[in-house]
1. Hey, which of these cross-link pairs are over 20 Å Cα-Cα: LYS77/LYS244; LYS53/LYS316; LYS29/LYS77; LYS126/LYS195; LYS35/LYS308; LYS35/LYS107?
2. Quick one: the Cα spread of region 7-114 along its three principal axes, in angstroms, biggest first?
3. With springs connecting C-alpha atoms under 10 Å apart, model the chain as a Gaussian network and identify which of ASP253, ASP307, ASP93 has the largest mean-square fluctuation.
4. Take region 116-270, compute every pairwise Cα distance, and split them into 10 Å bins from 0; I just need the percent in each bin.
5. Name the residues whose placed amide hydrogens come within less than 5 Å of the amide hydrogen of LYS408, ignoring near sequence neighbours (fewer than 5 apart) on the same chain.
6. Given Cα positions, please report Rg to Rh for region 113-182, the hydrodynamic radius being the Kirkwood one.
7. What number in nm² do you get for region 1-45 if you take the convex hull of its Cα atoms and divide its surface by four?
8. What is the pair-distance distribution P(r) of region 277-420, computed from all Cα-Cα distances in 10 Å bins starting at 0, with each bin given as a whole percent?
Amino acid sequence: MSNISALKKDMESCSRCSHCKWVPMAQIKSSRFAKICPSVDYYHFHAYSGGGKMIATNSILEGRSELTDNVAEIIYKCQLCGGCQVSCLAYRDDIDLADVLLESRSKCVDEAYVLPEHLDVIESMKREDNTLGMLKKDRGNWAEDLDVPNINTGKVDVLFHAGCRYSYDEDLHRVAVNWVNLFKNAGIDIGIAGKDEACCGGRAFEIGYQGEMKNFADDMIGRVKASGAKLIITPCSDCYYTFKYLYPKNGLDAGIEVLHATEYAALLMKEGKLKPRKNVDMKVTYHDPCHLGRRGEIYRSGWTGDDKLLRPVRFKQSGMLGIFDPPRDIINSIPGIDFVEMERIREYSWCCGAGGGVYEAYPEFASWTANERIEEAKKTGAEAIVTACPWCERIFNDEIEANAHDIKVYDVVDLLFMSF
């Protein structure tokens, strides 16, 4: 059930400044790559911006307008990348724009304004415990040749959660396999759930089916407790965001530390347990996944006041404290690598296009968004885009192949394996 009315003050506080459409002025390097919101940049109408959705949703709440198929379509044509949120907060910090976008989708579902493509995702999750319409029994196939413990038959210190895309996308199996082998070779007692692993539920929450996430969270929390693990490692940025933000925000805490694979690898490198040795002579740039970067900031609970302007800094979600440095630290530690940055980076990164249900429902919009990022990467002169998200890698690879872009895509772990 949507809680959108509780965010009415946030909507009323929107000053219609349009900063949600742009990278903050001090961060702009060129007019070509100055935008932050793919939706308004693609559809060219204010309603598609974060501020536009705030105004429209408030109008619906006040009875001045109605939720219709057209309005719902505007709400869904958004990757929920969080770019509007961080640009808004660069100028003011008394609005939770991202929460309004999430709750507006929940309201659409409550009132039966749903998309058939999203219903397919939900049905797949209910039937087969994954977002991709694949068979539950095949979820563990990616690990069939791995000599690694299964948590259903024994206890482990570290639980590796692969996530739906890595589990089923055969082109990306290598990433999950390489991460597990990397940690195992570093002496980590790591295990997997194999075919019994289930979706984290985050994508269901984002497309408006908030109640579905709780079912998957309960399953995940029970599995973690049974495993005896003291730490969860995931290579999936979407799962990371779900575990670190959506679960605790909704009172669903597993009571265990969660790290992204790049975080854990960076820690092991500092401890001397992972040491890249071979030269990798390549010029690369790094793409910050939205759900690992600005949306990967942990949820901060405890603030009970009504006036968000008065919140202490420790309770604010600026997007600046996501996972930005560990992937870069790993890349920069590899001998021979020439690392260059794109214009829009860290909390002001441009989205890959695959998030928020857009990849499933509006493929042309998703494709355009990905190509914008690929063009930005090519401007750096890099030979490859490096990222740490299966959805980013999937859509970048698809668009590079479809449009014959002269650039490659790697996961961070690919570079590490080249160096060992």
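Rule-based calculations on the coordinates, nothing more; no lab input. Fair warning: this is a prediction, and the values are worked out from it, not measured in the lab.
1. Going by Cα-Cα distance, LYS77/LYS244; LYS53/LYS316; LYS29/LYS77; LYS35/LYS308; LYS35/LYS107 fall outside the 20 Å limit.
2. 43, 27, 20
3. Evaluated over the chain, the most mobile residue of the options is ASP307.
4. Reading upward from the zero bin: 11, 44, 36, 8, 0.
5. For LYS408, whose amide H was placed from the backbone, the distant partners under 5 Å are ALA384, ILE385.
6. Working: Rg = 14.2 Å, Rh = 13.5 Å.
Ratio value, two decimals: 1.05.
7. On the way: hull surface 19.0 nm².
Over every viewing direction, the Cα hull of region 1-45 projects on average to 4.7 nm².
8. Values per bin, smallest distances first: 11, 37, 30, 15, 6, 1.
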